[in-house]
Every structure is written in C-alpha cells, then in structure tokens.
Amino acid sequence: MTSSSDRSQAVDVQELKTYEVRTYGCQMNVHDSERLSGLLEGAGYVRAPEGSDGDADVVVFNTCAVRENADNRLYGNLGRLAPMKTKRPGMQIAVGGCLAQKDRDTIVKKAPWVDVVFGTHNIGKLPVLLERARVQEEAQVEIAESLEAFPSTLPTRRESAYAAWVSISVGCNNTCTFCIVPALRGKEKDRRTGDILAEIEALVGEGVSEITLLGQNVNAYGSDIGDREAFSKLLRACGQIEGLERVRFTSPHPRDFTDDVIAAMAETPNVMPQLHMPLQSGSDPVLKAMRRSYRQDRYLGIIEKVRAAIPHAAITTDIIVGFPGETEEDFEQTMHVAREARFSAAFTFQYSKRPGTPAATMENQVPKEVVQARYERLVALQEQISWDENKKQVGRTLELMVAEGEGRKDGATHRLSGRAPDNRLVHFTKPNQEVRPGDVVTVEVTYAAPHHLLAEGAVLDVRRTRAGDAWEKRNAAEAPKPAGVMLGLPKIGAPEPLPVATGSGCGCD
C-alpha cells in the first residue's frame, strides 16, 4: 500500500524538469558547460538519462566557432530537434558559447524554434533567460559585450569526482590572424590568486586530487595584474596545498613561456612533467603571417630548456597545415621542428577559413589537395615519432591515477586505464582487489603503441585515496538518479590526437 507521502514524492519526481548540455570546442567550453549544468541544477532541473538524444525539457548547445563546420553542425542538430519540440509542449532549446556570440543576430532567424541565445560573457543568465522565454513566449537573445561574472564564481556540476578544471583567466590579448576566439572571448581578465587557491583548497577538501589550471593563454596569467612572474608563483603555491597530488595546465603560449615557469615546473613536486606547447608552424615567414610572436629558434630553445630541467617531460603541440602562403619549403620547416622536438603527440589541423579573421582574406590560399597531402605526411611522421617516444617508456615503473571511461576496450580486455604523471594513457591488468577511479596504482610498462601504453603484468601496488573515496561516495549518492549526460569533449588531461581534423586549433594558443 502506498502512503500519501510516497504519492506526493512520486508526483514531485514526475514534475522535475530534465536538461541536457551538448558541448563543442575547447577545454574552456567544457568548463563552461560544467557551470551551465550547475546553474540548471541549482534552478531545479535534473540531468536527462544518458542517451536521451534531445529528449529533455531543456537542451543547451554550448558552441565553438573555431571549426569550419561549426555552423553546419549546430544548425543540423537544431533542425533534428525541431520536430521533437513540436511533439513536446514546454520543451526549450538554448544556444550559447562562441558561435552564439558571433552569430547572435542569425541563430533565431535560421532556427526560430530556439528559445534562448546567450554569449560567452553571460552564461550565468541562462536560468533567468529560460524562465523569461517561457513567460513571454518569445525568444530571448542576450549577448553581453564584457564579462559579467568570472565563471568559477558560478555553481558547478563537475564531470569528475577526482579531477577538476580551475579557471585562472578568461579571454586573450593575442591577435593571431587565424583565430576568432579573442574577438568572442574578449581581452584577458585574470582572476585573483587568492580566489584561485581558495577554490583549489575547497576542491581538495571534497576529494579532488588533480587539478588543471585553465586559460585561453594560461601562462600569460599576471599581465592583467602587472606581475610577469604570477604564473610561476601560482604553480609554486599549488605545491603547498596538502592533498593536491597532481597539477597540470593548458594551454600556454611560447611568447610568455619564461624561465621562471620552467623552474617552477621542475621544482614543484606536484606539477606534472607534461607540457602542451602550441607550435602552429615551424616556418618563420608563416609564423610572422600568423602574427605569432616567436620564431623557430625561440620555440626549439624552450623545448631544449624544458627537457634539460625535466628529462622525462612529455611535450605535445598543435600544428596547422596549409596556412595561406605556406610553401613546400615552409612545410618542410614544420616537419623539421617535429623531428627536433620529438613531440609525444601532436594535434594537427588542416587550415580552413574562418569568417572574421584576417587570414580568411589573405592571398595565396593553399589548394585543398596540397593541404591534404602535407597533412598526411605530417601525421605519418608524428605517428612514428609518438611510437618511438612511447617505446622508451617500456620497462619503466609508473604511478597511474586510475581514470574513468578512458579505455574503450577495458571491459573486453579485463583491463583498467589510468594516466601517468606525464599524462600518457596506460591500460593495465585489472588487479584482484577493488580499484576505483581516483585511486593510484603502480605498474611496469610492457608494451607501447603510438597513442597508449600497456602494463600487462600484475599491478605492483594499489593505493586507495581520498579521491577514490570521493568517486565512490558520488556514485553511491547518484545511483537512484538519472544517469549523467556526457559533455562529449576532453576529460581532464589531453585527449588522444584525432586522425583527421580541420580548423585552426583551439582557442588562441
């Protein structure tokens, strides 16, 4: 027999509105989506079950404007939702992020069934705009021209219990000719160091053991507050936080990568031996046309200093192939840098025009077939380098932080997966004892592939951690609730390189 209180609770559950967030773009967008999820849950929504595919009361698109096909991808997805919205009274669709900031005046014209359009500077307004659209029964388009609230001051619904993004700055002061992001994210605005450290300490108190410092140009931190060594000081301060085991950051710019940062990385034990350093091109003339403020010698000099200070550092990069005016000689210079730098991985992109950028109107656009051929040559070279560099890891004993959802074949192979200190992905034999995401295992590497390592022997040690406790507690608390909707983009740490990509790379690196 059901009591009146049970019936009341059932009604309350039925009346709960669901939401889904779909994210495209860089790590900053992923972090923003965690904030959007937190805002919606604070407003009383619950996440739709995994695989809902638009079958939610509110569907939010957090968009990117970097890729050539960003517009088509958005409008294609919006078109697929139109009939679903017709059949579901009260359903709302919101579009935010960089593409919304850029196409503010056209989204509702092209897709009049969209209820809310908001920009990169006012994500905190989403719940209010949804309610206003519902009450007024008309689309709400609100694009702020400057930041209204630093994202990290907003509520959050983090995707991981054991690892977290921590935003230290927003915007970018660079003027790279291929990149539209600074025009959409605005000038760099730094967050107060005390606020950053307070957030990290609070996260560690909740069980988080790995944080990634996040910024459009992360190592320029301090330019807004007049301290050129602010970033290295921040790294050292992170080293003083008890319980914080791993510190990473993304993405830096060679122009701002100074010796004090290298020293801080080398001398701070919990700063991981990993560096993502965007190259974009190895050719000095192309770098000049890109308006990049360094040249090949400066870039390779940074790599040499990092390797001298941190011998086991894994260095990754971004490279654009086929920038306007790129000659065969220019491309060979990029291949030369790849050979010299010995990147553990490279995220390679075929250049494509982005309206609103200076590069889009440059002369001597490189034919598509030439770009494709160069791209394939670079990918083949980098695949071999990545494999060779990974082979050097065989026989090493590594501490891995156990990861969640990073080994697609783990179920079939009876393995688990984890990240090494240098962020390499390692699949290891599942031990007899329970191991949770966030726990730490010690393994010996037995095999190398271009994009992952294997540890096929017995696990040497298992260390249960507060991070693992946090994961276990979170999963137990969420068991009765709808399963989470994955944001569909990078987890903590660098993702594996994509075999094919077009666009100009992420953000204004």
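Couple of notes before you dig in:
- Placing a pseudo-label 7 Å from each Cα along the Cα-to-Cβ vector at Thr327 and Leu300 gives an inter-label distance of 1.9 nm.
- Relative intensity of segment 398-440 on a log10 scale, I(q)/I(0) at q = 0.21, 0.27 Å⁻¹, equals -0.59, -0.97, per a Debye sum over C-alpha point scatterers of equal strength in the absence of solvent.
- With each label modelled as a point 7 angstrom along the Cα→C-beta vector, the Glu131-Val394 pair spans 6.2 nm.
- For Ala412 and Ala202, a Förster radius of 51 Å and the Cβ-Cβ distance give a FRET efficiency of 0.85, rounded to the nearest 0.05.
- The calculated FRET efficiency for the pair Arg307 and Glu267, based on their C-beta separation and a Förster distance of 22 Å, comes to about 0.90.
- Cα point-scatterer Debye curve for segment 174-268, base-10 log of I(q)/I(0) at q = 0.23 Å⁻¹: -1.25
- Remark on segment 63-144: hydrodynamic radius 12.8 angstrom, per the Kirkwood mean of 1/r across alpha carbon pairs.
- Cα pair distances of the chain binned at 20 Å [whole percent]: 22, 55, 22, 1, 0
- Full-extension gain in nm, Leu381 to Leu16, via 0.36 nm per residue minus C-alpha separation: 126.1 nm
- With the largest listed first and rounded to whole Å, the semi-axes of the equivalent ellipsoid of segment 223-266 from the Cα gyration tensor are 19, 12, 10.
- Both the radius of gyration and Dmax for segment 264-320 are 12.8, 39 Å, in that order, over alpha-carbon atoms.
- Percent carbon-and-sulfur accessible area, segment 113-271, ignoring ligands, DNA and RNA, probe 1.4 Å: 47 percent
- Amide hydrogen neighbours beyond the local backbone of Val141, cut-off 5 Å, H modeled: Val117
- Volume per residue that the Cα convex hull of segment 14-106 spans, once the total is divided by residue count, Å³: 107 Å³
- Here the Karplus curve 6.51 cos²θ - 1.76 cosθ + 1.60, taken at θ = phi - 60°, turns the phi angles of segment 382-391 into couplings of 5, 4, 5, 4, 4, 5, 4, 5, 5, 4 Hz, with x standing for Gly and Pro.
- Here segment 318-431 exposes an accessible surface that is 51 percent carbon and sulfur, computed with a 1.4 Å probe and the other protein chains kept in place.
- With contributions of -39500 (n - 2.57) from each DSSP H run of at least four residues, the per-residue ellipticity at 222 nm computed over the chain stands at -10500 deg cm²/dmol.
- Amide H contacts for Thr18 (H built 1.01 Å from N in the peptide plane; partners 5 or more residues away or on another chain; cut-off under 5 Å): Val46, Asp57, Val58.
- Accessible area (Å², per residue) of the chain, counting only protein heavy atoms and a probe of 1.4 Å: 42 Å²
- Evaluated at q = 0.21, 0.22, 0.24, 0.34 Å⁻¹, a Debye calculation over the C-alpha positions of segment 301-341 (equal weights, vacuum) places log10 I(q)/I(0) at -0.74, -0.78, -0.85, -1.19.
- Take every Cα pair under 8 Å whose residues are at least 6 apart in sequence, average their separation, divide by the length of the chain, and the relative contact order is 15 percent.
- Residue-span extension gain [Glu138 to Arg342] - 0.36 nm each, minus C-alpha spacing: 68.0 nm
- Shape summary: segment 235-356 maps onto an equivalent ellipsoid whose semi-axes, from the alpha-carbon gyration tensor, are 30, 15, 12 Å in decreasing order.
- Checking the Cα-Cα distances for Lys189/Lys473; Lys85/Lys110; Lys17/Lys102 against a 24 Å cut-off, the pairs over it are Lys189/Lys473; Lys17/Lys102.
- Expected-Rg normalisation [2.2 N^0.38 Å, Cα atoms] applied to segment 72-115: 1.12
- The gain in end-to-end length when the Gln433 to Tyr75 segment is fully stretched comes to 124.1 nm, 0.36 nm per residue minus the alpha carbon separation.
- Cα pair distances in segment 332-444, grouped into 5 Å bins until the bin that holds the longest one, percent each: 2, 10, 15, 14, 13, 12, 10, 9, 7, 5, 2, 0, 0
- Around Val95: net Lys/Arg minus Asp/Glu count, Cβ-Cβ under 15 Å: +2
- Burial ranking of peptide ranges 195-205, 412-422 (average Cβ count within 10 Å, highest at the top): 412-422, 195-205
- Within segment 186-214, backbone nitrogen closer than 14 Å to the virtual label 7 Å beyond the Cα of Asp227 toward Cβ: 190-198
- Less than 5 angstrom separates the built amide H of Val321 from those of Phe349, Gln350, Tyr351, all sequence-distant by 5 or more or on a different chain.
The values are calculated or read from the model by the stated rules, or taken from the named source; none is laboratory data. All values reported here derive from a predicted model rather than from experimental measurement. A quick note on method: Cβ atoms are made from the backbone with ideal geometry, for glycine too, and the neighbour counts reach across all protein chains shown. Accessible surface is based on the protein model in full, side chains and every heavy atom, while ligands, DNA and RNA are left aside. Shrake-Rupley method; radii C 1.70, N 1.55, O 1.52, S 1.80 Å.
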